[in-house]
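Peer 1: Mind looking over this structure? Questions follow.
What follows is calculated from the coordinates using simple rules that are stated; it is not laboratory data. Since this is a predicted model, take the numbers as computed values, not measurements. In this analysis, Cβ positions are derived from the backbone assuming ideal geometry, glycine residues included, and neighbour counts consider all displayed protein chains.
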Amino acid sequence: MQIFNNWNVIAKGWYIACPSNELPKIKAKSVEICGQKIAIFRGEDGQVRALDAYCPHLGTDLGIGQVDGNWIRCAFHHWAFDETGNCQNIPCQSEIPMKAKVQAYATQEKYGFIWIYPDAVAPESVAGFDELQGKEIVVQPDRAFERNCHHHICMMNGIDAQHLKTIHHLDIKMDLSLHCSELGTQIDFTMQGKFPQTTFRERLGQRFLGSTYEYSMRYAHGCIGLLTMMKNVRLFPPLHMIYAYTAIAPGKTRIQPIYVTEKRKGIGGYLLNRFLLFCTRLAYYMLRDEDGKIYDNIRFNPKLLLSIDRPLAQYIEYVNQLEPSRWSKKEV
């Protein structure tokens, strides 16, 4: 099955529902994720639950209902559903029909957002950075934006070594190392090369960063990209950012950028954190603005891949072995 660049298939993975601060305790709302209407609610215990939005009785949107303890009650006839999607109470009768249930989804709060997995149980958490594992972090989300192509196409940008020269004017020969996770849901690309000295930009980079340049892209579930820049260079610690992708309609993808850094103590640590987040954002905007016109006008149809395009071919192969979710269209 072709999953890559296929709008009919939504791979199993973590997708952003909304910022965490948009869902206070004892509140509910509905969100649309990859064409699916999902009701999310935060119980009195502070935990977020997610269910298919429409009540199995008459189809009322559960997101406009009321939170009752850790249940959600339908606004129409007050049927109550728990986090597993099973109905626990019907006010007009004591008997609860077997079919009084809705699909439940796993949730996680990370990087300041609520994430939804298109199944009741997720086999793994939202992806993270190895360098930040076990550490406190500071996050800064940027404004989400849209691209006029499938997110699988957008995601390949970070491993397209050829365009570093043609678009970003960095004539760096990059060597690739590749690692795939045991579950096959995550793939890491590390690109490394030596700075040439043919342009002012390249000479400046070598002067301040050192003779080599290295960055890595971690792709999770074909819908999250984790970029680590400034690896093993002078002056700077690594800079981290996340791209969270959601298909919003055939031909449209929403991209949520999130900047991440290790939390440092004290006033000096606070100022350094803000500076590193600013540098991450600055580097991102330089790359985004240069790439934007390409990805808003592309009609991806690879007919001739070169040896330098090997990471792109490997990424396509990785995506095609992912598992389709229940959110995929039925004809698939």
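Peer 1: Mean separation of Cα pairs under 8 Å and 6+ residues apart, divided by the residue count of segment 66-144: what relative contact order is that in percent?
Peer 2: Relative CO of segment 66-144 lands at 16 percent.
Peer 1: While we're looking at this one, here's another question. As a test, work out the antiparallel percent of DSSP beta bridges whose residues both lie in the chain, rounded to the nearest 5.
Peer 2: 100
Peer 1: Another one. In Å, what is the Rg of the alpha-carbon atoms in segment 52-179, and how long is Dmax?
Peer 2: 22.5, 72
Peer 1: Related question: Find how many whole Å separate the alpha carbon centroid of segment 4-68 from the alpha carbon centroid of segment 296-330.
Peer 2: Their Cα centres are 28 Å away from one another.
Peer 1: Find the centroid of the Cα atoms in segment 234-261 and in segment 105-142, then give the distance between the two in whole Å.
Peer 2: Computed from Cα coordinates, the inter-centre distance equals 13 Å.
Peer 1: What's the FRET efficiency of ARG310 with GLN88 using the Cβ-Cβ distance as r and R₀ = 45 Å, to the nearest 0.05?
Peer 2: 0.25
Peer 1: Here's another thing I want to ask about it. Considering lysine pairs in segment 130-320 that are 8 or more places apart or on different chains, how many have Cα atoms under 25 Å apart?
Peer 2: So the count of such lysine pairs works out to 18.
Peer 1: What is the diffusion coefficient of segment 237-310 in µm²/s, taking the Kirkwood radius over Cα pairs and the Stokes-Einstein relation at 10 °C with a viscosity of 1.306 mPa s?
Peer 2: Result for D is 104 µm²/s.
Peer 1: Roughly how large, in nm² to one decimal, is the mean projection of the convex hull of the alpha-carbon atoms in segment 130-320?
Peer 2: 11.7
Peer 1: At a Förster radius of 56 Å, what calculated FRET efficiency corresponds to the Cβ-Cβ distance of LYS303 and HIS78, to the nearest 0.05?
Peer 2: The pair LYS303/HIS78 has a calculated efficiency of 0.45.
Peer 1: Would you kindly derive the ³J(HN,Hα) couplings of segment 130-140 from the backbone phi angles with the Karplus curve 6.51 cos²θ - 1.76 cosθ + 1.60 (θ = phi - 60°), listing them in order in whole Hz, with x for Gly and Pro?
Peer 2: The phi angles translate into 4, 5, 10, 4, x, 10, 5, 10, 10, 10, 9 Hz.
Peer 1: While we're on this one: Per DSSP H run of at least 4 residues, take -39500 (n - 2.57); add these up for the chain, divide by its residues and hand me the 222 nm value, nearest 500 deg cm²/dmol.
Peer 2: That comes out to -5500 deg cm²/dmol.
Peer 1: Then there's this: What stretch of the chain, leaving out the sites themselves, is the longest with no GluC sites (Glu not before Pro) in a DSSP loop having at most 10 other Cβ atoms within 10 Å?
Peer 2: 183-330
Peer 1: By what distance, in whole Å, do the Cα atoms of segment 15-117 stretch along each of the three principal axes, largest value first?
Peer 2: Ordered largest first, segment 15-117 gives principal extents of 43, 28, 19 Å.
Peer 1: For the pair ILE26 and ARG203, how long in nm is the line joining their label points, each one 7 Å along Cα→Cβ?
Peer 2: Spacing of the two 7 Å Cα→Cβ label points: 6.7 nm.
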